Structures are given as C-alpha cells and as structure tokens.
Amino acid sequence: MKAQARRLQRHLPLLVTAGIFVLLFGAASVAYEGFLSLRTLTSLLTDNAFLGIAAVGMTLVIFSGGIDLSVGAVIGFTSIFTATLIERTQVPPGVAWVLALAAGTAMGGGMGALIHFYRLPPFLITLAGLFLARGAAFWINTESVGIGHAVYNRLSAFEVPVGPASLTAGAVVLLAVLVLGYGLAHHTRLGRTLLAMGGSEQSALLMGLPIGAAKVGVYALNGFCGALAGIVATLYTGSGNPSMGVGLELDAIAIVVIGGTLLTGGRGHLVGTILGILIFGTIQAAILFDGRLSSWWMRIVVGGLLLAFVLLQRLLLGRRRT
Amino acid sequence: MKLAESSRPAPRPRSVVLWPLAGLCLLVLLNAVINPAFLKITLLDGHLYGVPVDILVQGSRTLLVALGMTLVIATGGVDLSVGSVVAIAGGVCAVLLQSGHGLGLTLTLAVLAGMAAGTVNGILVARLGLQPIVATLILMVAGRGVAQLLVDGQVIIITSAPFEYLANGFLAGLPVAPLWVGACYVATHLILRHSALGLFVEAVGDNERASRFAGLAASRIKALAYVFCGTCAGLAGILTAANIRAADAYRAGENMELDAIFAVVVGGTALSGGRFVILGTAVGALLIQTLTTTMYNLGVPPAIAPVPKAALIIGVALLQSDRVSRWITGLLRQRGDT
C-alpha cells in the first residue's frame, strides 16, 4: 500500500502532465470544429519534429543536472551546413548528413569535455557554444539555401499512411528518437548513471559510476540530437537556413520542465517529455485553428504553463522534504 | 580538498579588474594600429564625435543591464529575463507616448514595469526557492509575449524629441546616455561599497545558509537584487527605445541577457556568486562593445560577430577555472626553481 502510494507520488507530475494534455486537447476539440482528428495529431508530430528531437536530447542533459543552451544554434548550423554541402559542393545527401551529425556530436563532446575536465559551468560553456555555432552558421552563408536534390524530393513525398492521415519522414524520425530515447534513459546503464549523477554527483562518483564518460557522452549525444534535428529541419523546410532554431533551446527546456523533469537533475521521465511535446504542439495547433489569437499568446501560455509546473514541483518536493 | 578549495581567499577585486582592462587596452591598441582614425575624437557643433564616443553611447544599454546582472550573479543567481523586460519597458514607453501622456509619467511607468518584473523574479527565487535559471526563464518566455501584446505586434515609432534626448542627446558637448548610465554606476558603487549592503550581497551569494545564521535577511536581499536587476533592465528598455526611436517587441533586448552575463563574467564576478566587481562589469561591457565595433570596422559581417565573443567567453572561463590556475602557478613555480 505504502509502496503504491509512493509510486503514485513519484509519478504524480507525469499524471498531471498527461491530464493537462487530455484537457487541452479536449478543450480545443470542443472549441474548434475539426480539431479532433488523427490528422491534427500527425501534423502535430510533423510540425514539432525537430523541436521534439531536440527536447529528447535536452531531457537527458537535464537528467544529469546540466543544461545545454546551444541546441538551437546547432540546428541552425547543421541546417545551412547540410544544404550548402548538398547544393554548392554536390555532396550526396547521405554523406552530408553523416558529416553534419559528426560535426554536431564533436561539438557537443567538446563542450562536455570542457565542462567535465575544467569544472566549468555548463550554462556558460553552452552559451559560448551557442555563439560559436550561430556564428559559424552565418559564416557558411548568411542567406537560406534551397535544396533541390532528388533524394530530398523523394523524402518530402514520403508518407506512412496511418488510417486517414499519414506520417511524414520527419515525424517518423521523431517517433524513432522518442523510442530510442526512452530505452536509453530508462533501460540502460547510461540512463541510470545520468539520473544518479543529477541526484548527487559526489555520491555517484563514490559509487564508482563512470561520471566523466557519462557527462561528456550526454553532451555529445545532445549535439548529435541537435544535428539530427537540424537535418529534419532541412527536410521540413526543403532548405537550409542559418537562422533556423533561434530561441529553440528555450522551447526545448520548457517542454522538458512541463514534462515533469526536475531542472536540478536526478528526477524525471522521458514519457513526460513526450507529453510535453504534445502539449506544446496542441497549444500551437489550437492558436493556429483559432486564427484570431495572435502568435504571441503562444509565448504567454507556455510561460504560464512553465510557472504552473514549476510551482507544482515545488509543492510536491516541499512536502517530501518535510 | 574540497574544503581547502572553497576556503581559499577570493582574489582581490583590484587584480581582477586588471585582466579585462588589459584586454580592453589591447583591443583599443589593435584598432588604433589597424585604423589610426579610431582614437580620433572631433568636436562638431560643440558635440563630441568619434569612435570611442560611439562605443560609449552604443554600450550604454549593455552597461545598464550588466549592472543589475552583476548583483544578481553575486547572489549566486542569474536573470535570463532582462531582454524581455527591455522589450516590455520599450513597449510601455511607446504606447504611453503615442496616446499623448507626459514624459514623466511614461518614464515612471516604464521603470515601474521593470521593477514589477524584477519583483516577480525575486518572489519566485527568494520566496519560493526556485532555481534562478528556471524562475527567470518563465518571464523570459512569457515576457516577450507580453511585450508583443502591449504593442499589438507592431513596431511603434516614437516621435517625442525629449524622449530621444535621453539616448542620443548631448549635455555640454558630452553624450548624455553614458553620463547618466555612469551616474547609475557611481551611485550603485557608493551605496553598496560605502555601506554594509555590498558585503551582505556577497555573503548571501557565498553561503546563503551561513548568512541567514549570521542574522541577515538573506531571502530579502536576494529578492532585492532581482528587483534592482529588473529596474536596470527597465531603464535599459527606455534607452533602447529612445535610441532607435521605436519600440520593437520582437528584436529589442534580443540576446541582451547573454551580453550582460558575458560582461559580468569577463569583469571578474564569479558565476558561482559571492563576489562582485562593479568596475569590472563596466570594463567587461565596454570590452564587448569595443569588440563589436572592431568587427564592424574590420568589415566582418555582423552575423559572424558571435564567434570571437564565444572564444573570449571560453578563454575567460578557463582562466577562472581552478585546474588551469593550478597549472599556471605550477608552471611559474617550476620556472622559479630552475
């Protein structure tokens, strides 16, 4: 009984998040005709594919008690990097993708190494990473570059039919990342090490967990996710744009927090992040459906949700501590 | 080992200011070598003109925001919302001036808006004990929405001449914006360093619990730091709107939090809190502005400007890290032995 109660309390933020999603989606379905459909749900996945991929990587970083402000800039860099390679230097898309993923991973790993070996604040180093990646993106090209490669045309026509609706390539990648991320976070040694590290780095170290490898690894992984998100963004827009993903890191962090993950690290669940993406997407879709509401309401609602969730966490944790 | 590290006495502020000052001098020298006209200041219609004057005028906004950020960082926090607060204050100015209200009322309300934003942050951090990054992230996200709501998504042009004077005017031949921003710095320095207040802020940042046991109203001091930061951001919002003669809710104050944090860190204030160097922040903010101006002068596209900034941040952070400083002292000692 007691164990059950504790289990319930541990999953309470998750349940609240799920409840809010159902509530929001339900309210939108009642308010807007035609909102309640499979198509809304699939387009929600398509429209938020690159944000979702970034949010999964961000979740893992936040698990470890860190933060990565550079993802948005990495997306911008990857986007223009890939497009320029394909269009200007005639590199086949597959090779361009591999190079972009390698660049993202290397950059993440480099930041992780600085953070770990020199004990520098992740906040500051990833901030430098943001400047670096964004600057590099504009250095490659200040204008957006359209991609007209045959592979891209085929991929943008690619669809997986799901009932009356269909999933695009980006949505499929997002779903794969969600599944992989879930497995990594909750069913591997790395995932447990990250959570332990976020709870108490000292304890994790004393337990003999490979702190260094996990820390460098998680930033490298997030760099990989950022690059992957950038590639998906090129698929989504059919072009590369150096200003892609400006401020996206904040949305990703907001999604993670709305998903019930503690920003101090050590506690959280990837399913929460999935729900966070769905909530974020639902608000966006509802504002689009309404047509009268201006886009800035999105920011205000997300800010309000953030506040509500952080207060809720505070309430639950405060009770636990006393 | 951990204990020994934390009980190591903090370096004296004076030596801390030397580094950024040396950097600034180096940058100015570099500019002077590349472009001899860089240091030239001319008197035109009784007003001072020249690149150094321009750096001071354009750097005023960052200087103001960084001043508030210094205190917040000294308490061990950070305020990400300053950019959005700048946009809100600018929006308030534009809306009020457009509807024909007086300058006094407009400025008061704009500053109050910044103060209110700072109070929200202060309550979230000090009363509810939220992590500063999260607490201020909320206002950072929502605040820009509020600013856009205020001006209804438009860029509102401001035509008031006295309002513009605050940013682009001249007083006795000197540009007025650096003058009043400088006055803010002097006042803050006098209030903090010539009373126990500065020490209180540092004590709270160093060890909040110990400062509470010593009888300080730690949470109130912390909250006040955020209120001060919000107020500074509000003032910077006025300055931004006056400078471009418009309220742009989308772009105003964009990335300003990054520049401010950067100025504070370069100026020798530790991100972990417990120490602040107001003069260092001023030097840091000017360093950034000079860097930006230098790149304009070298013909570097503005979009690439972040790259040297990033390199500088990493360099400064490395210099501040224990591992590197141990390595350097070890190197020096070795040389001393032989």
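Accessible area of the protein assembly as shown with a 1.4 Å probe: how many percent of it is carbon plus sulfur?
It is 66 percent, rounded to a whole number.
Might you work out the accessible area of B:CYS25 for me, using a 1.4 Å probe with all protein chains in place, and round it to the nearest 10 Å²?
Ignoring ligands and nucleic acids, B:CYS25 comes out at about 80 Å².
Averaged over B:129-135, how many beta carbons belonging to a partner chain fall within 10 Å of each residue's beta carbon?
5
Which shape class applies to the protein assembly as shown: rounded if a/c is under 1.5, otherwise prolate when a/b exceeds b/c and oblate if not, where a ≥ b ≥ c are the square roots of the Cα gyration tensor eigenvalues?
rounded
Pop a pseudo-label 7 angstrom from the Cα along the beta-carbon direction at both B:ASP54 and B:GLU164 and give the gap in nm to one decimal.
Inter-label distance under the simple model: 1.9 nm.
If you take the square roots of the eigenvalues of the alpha-carbon gyration tensor of segment A:243-285 and sort them as a ≥ b ≥ c, do you get rounded (a/c under 1.5), prolate (a/b over b/c) or oblate?
oblate
Can you tell me what the convex hull of the Cα atoms of segment B:100-153 projects to on average, as an area in nm²?
4.3
Ballpark to the nearest 100 Å², how much total accessible area do A and B bury together, probe 1.4 Å?
3600
If each DSSP helix of 4+ residues adds -39,500 (n - 2.57) and the sum is divided by the residues in chain A, what number results at 222 nm, nearest 500 deg cm²/dmol?
Only helices count here, giving -25500 deg cm²/dmol.
How high is the relative contact order of segment B:11-316? Use alpha-carbon pairs under 8 Å, at least six apart in sequence, and give a whole percent.
Contact order relative to length: 34 percent.
Give me the extension gain from B:ALA210 to B:LEU331: residue separation times 0.36 nm, minus the current Cα-Cα distance, reported in nm with one decimal.
The span from B:ALA210 to B:LEU331 would gain 39.9 nm if fully extended.
Students often check this: by mean Cβ neighbours within 10 Å, which of A:238-250, A:201-213 ranks highest, and how do the rest follow?
For the peptides A:238-250, A:201-213, the packing ranking is A:238-250, A:201-213.
Evaluate the relative contact order of segment B:124-278 (contact order divided by residue number), counting alpha-carbon pairs under 8 angstrom at least 6 apart; express in whole percent.
After rounding, I find 33 percent.
Contour minus end-to-end for B:HIS101 and B:ILE123, with contour as 0.36 nm per residue of separation and end-to-end as the Cα-Cα distance?
In short, 4.8 nm is gained.
Can you give the accessible area of B:ARG220 in Å² (nearest 10), computed on protein heavy atoms with a 1.4 Å probe?
Counting only protein heavy atoms, B:ARG220 exposes about 150 Å² to solvent.
If you filter segment A:78-185 for chymotrypsin sites (Phe, Trp or Tyr not before Pro), then keep DSSP loop positions with at most 15 other Cβ within 10 Å, what is left?
Here the chymotrypsin sites (Phe, Trp or Tyr not before Pro) that fit, given the DSSP loop and packing criteria, are A:PHE158.
What are the ³J(HN,Hα) couplings of segment A:52-60, residue after residue, when phi is run through the Karplus curve with 6.51, -1.76, 1.60 and θ = phi - 60°? Round to Hz, x for glycine and proline.
x, 4, 5, 5, 5, x, 4, 4, 5
Output the DSSP H helices from chain B with an along-axis C-alpha extent of no less than 27 Å and a mean Kyte-Doolittle hydropathy no less than -0.5.
B:13-34, B:51-74, B:103-122, B:218-244, B:278-297
Using the per-residue mean of other Cβ atoms lying within 10 Å as a proxy for protection, in what order, highest first, do the peptides A:15-26, B:27-38, A:51-62 fall?
A:51-62, A:15-26, B:27-38
Just the ratio, please: alpha-carbon radius of gyration of chain B over 2.2 N^0.38 Å, N its number of residues.
1.03
With a Förster radius of 35 Å, plug the Cβ-Cβ distance of A:LEU288 and A:LEU8 into 1/(1 + (r/R0)^6) and report the FRET value to the nearest 0.05.
0.45
Any idea of the accessible area per residue across the protein assembly as shown, 1.4 Å probe, to the nearest Å²?
In whole numbers, the protein assembly as shown has 44 Å² accessible per residue.
Need one word for segment A:41-321: rounded, prolate or oblate. Basis is the Cα gyration tensor (sqrt eigenvalues a ≥ b ≥ c); a/c below 1.5 gives rounded, then a/b vs b/c decides.
Since a/c reaches 1.5 but b/c is at least a/b, the shape of segment A:41-321 is classed as oblate.
The values are calculated or read from the model by the stated rules, or taken from the named source; none is laboratory data. Keep in mind that this is a model prediction, so the values were computed, not measured. As a convention, Cβ positions derive from the backbone with ideal geometry for all residues, glycine included, and neighbour counts pool all protein chains shown. Keep in mind that these areas ignore ligands, DNA and RNA; they rest on the heavy atoms of the full protein, side chains included. Shrake-Rupley method; radii C 1.70, N 1.55, O 1.52, S 1.80 Å.
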